[in-house]
1. With a 1.4 Å probe and every protein chain left in place, work out the accessible area per residue of the chain in Å², rounded to a whole number.
2. Determine ³J(HN,Hα), in whole Hz, for all residues of the range 203-213 in sequence, where each value follows from phi through the Karplus function 6.51 cos²θ - 1.76 cosθ + 1.60 and θ = phi - 60°; x replaces Gly and Pro.
3. If you take every residue apart from residue 46 with its C-beta less than 12 Å away from the C-beta of residue 46, what net charge results, scoring Lys and Arg +1 and Asp and Glu -1?
4. Using +1 on the beta carbon of Lys and Arg, -1 on that of Asp and Glu, and nothing else charged, what's the dipole of the range 167-307 about the Cα centre, debye to 20?
5. Rounded to a whole number, what is D in µm²/s for the range 83-215 from Stokes-Einstein with the Kirkwood radius over alpha-carbon pairs (25 °C, 0.890 mPa s)?
6. For residue 38, go through the lysines and keep the ones whose alpha-carbon is under 16 Å away, minus same-chain ones fewer than eight residues off.
7. Given a Förster radius of 51 Å and the C-beta distance between residue 280 and residue 126 as r, what FRET efficiency does 1/(1 + (r/R0)^6) yield to the nearest 0.05?
8. Quick one: pull the percent of accessible area on the range 1-147 belonging to carbon and sulfur, 1.4 Å probe, ligands and nucleic acids left out.
Amino acid sequence: MADFEPVLKAVVPAAGLGTRFLPATKATPKEMLPVVDKPAIQYVVEEAVAAGLTDVLMITGRSKRSIEDHFDRAYELEEALRAKGDDERLGAVRESSDLAIMHYVRQGDPRGLGHAVYCARQHVGNEPFAVLLGDDMIDARDQLLTRMIDVRRRYGGSVVALMEVEPDQVSAYGCAAIEGTDEDDVVKITDLVEKPPAGEAPSNWIIIGRYVCDPAVFDVLEKTPPGRGGEIQLTDALRTLADIPVENGGTVYGVKFRGRRYDTGNKLEYLRTVVQFASERPDLAPEFMPWLREFVARHGVETSEES
């Protein structure tokens, strides 16, 4: 099996308005909301870097300047910490600015994920690239993106991450019709449907926020009309690519992911993510977990008494 071009660049769309988290996101980007003590967007960039992608393009919008500031040097803060001899916090501050070579472009008109990805065309050029959505966090112990890049290297085409959910959850996501390959966790995509009505989904395998795209996706996105919600959908472009031969940049594969995924796209899932991360932090868990158990036990008693 011939090797295809290596994937060297990552694209991180971060131009959304974050309306589900208002009023917190009125002046603060949703991507900067902390998961314990680190903004969610940093975990995503760390994932890209761990997969060997140190060239990261962030697609931003208005009121997103703090994202750029976070990944830039903060000389006055660093000097203040250095003067205090606070090496631990100095290292934490420097960590984000040393992660990757960061680039930024604004999505002036928020017209959907497909349009956001299209905004990366000039930077990416004629190279394959990864797309990481900030609402999805993949546990660092589960090297999903590395696996996807490997599948792209060996098979070509584009690759999406798939996760199996209960049938009643499928309509909230894009989902895939699939056929097997010689590898248990790799499938070929025969169709993609964005948020299908209940009972009409081709499978229970949904697309989660990781993609490895052939540069042919840009020509397809350029001609893709607005779809569901009046937005240009990346799913629609990949559906088109699925019917194009691999030698022309087409064909789409899926990697079945059975690892740990955290969702920060809505308030309830965000809270769950924060609790899970805090519960596994060696510096917090010894005190946090006993308090959490006590709180849950007390809350349960209060609930039963009220009922």
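1. Accessible area per residue, the chain: 52 Å².
2. So the J values, rounded to whole Hz, are 6, 9, 8, 9, 8, 9, x, 9, 9, 10, 10.
3. -3
4. 240 debye
5. Answer, rounded: 141 µm²/s.
6. Cross-link targets: 30.
7. E between residue 280 and residue 126, to the nearest 0.05, is 0.80.
8. Carbon and sulfur together cover 51 percent of it.
The values are calculated or read from the model by the stated rules, or taken from the named source; none is laboratory data. Bear in mind the structure is a predicted one, so any value in this text is a computation, not a measurement. Virtual Cβ from ideal backbone geometry, glycine too; neighbours counted across all protein chains shown. For accessibility, only protein heavy atoms count, side chains too; no ligands or nucleic acids. Shrake-Rupley method; radii C 1.70, N 1.55, O 1.52, S 1.80 Å.
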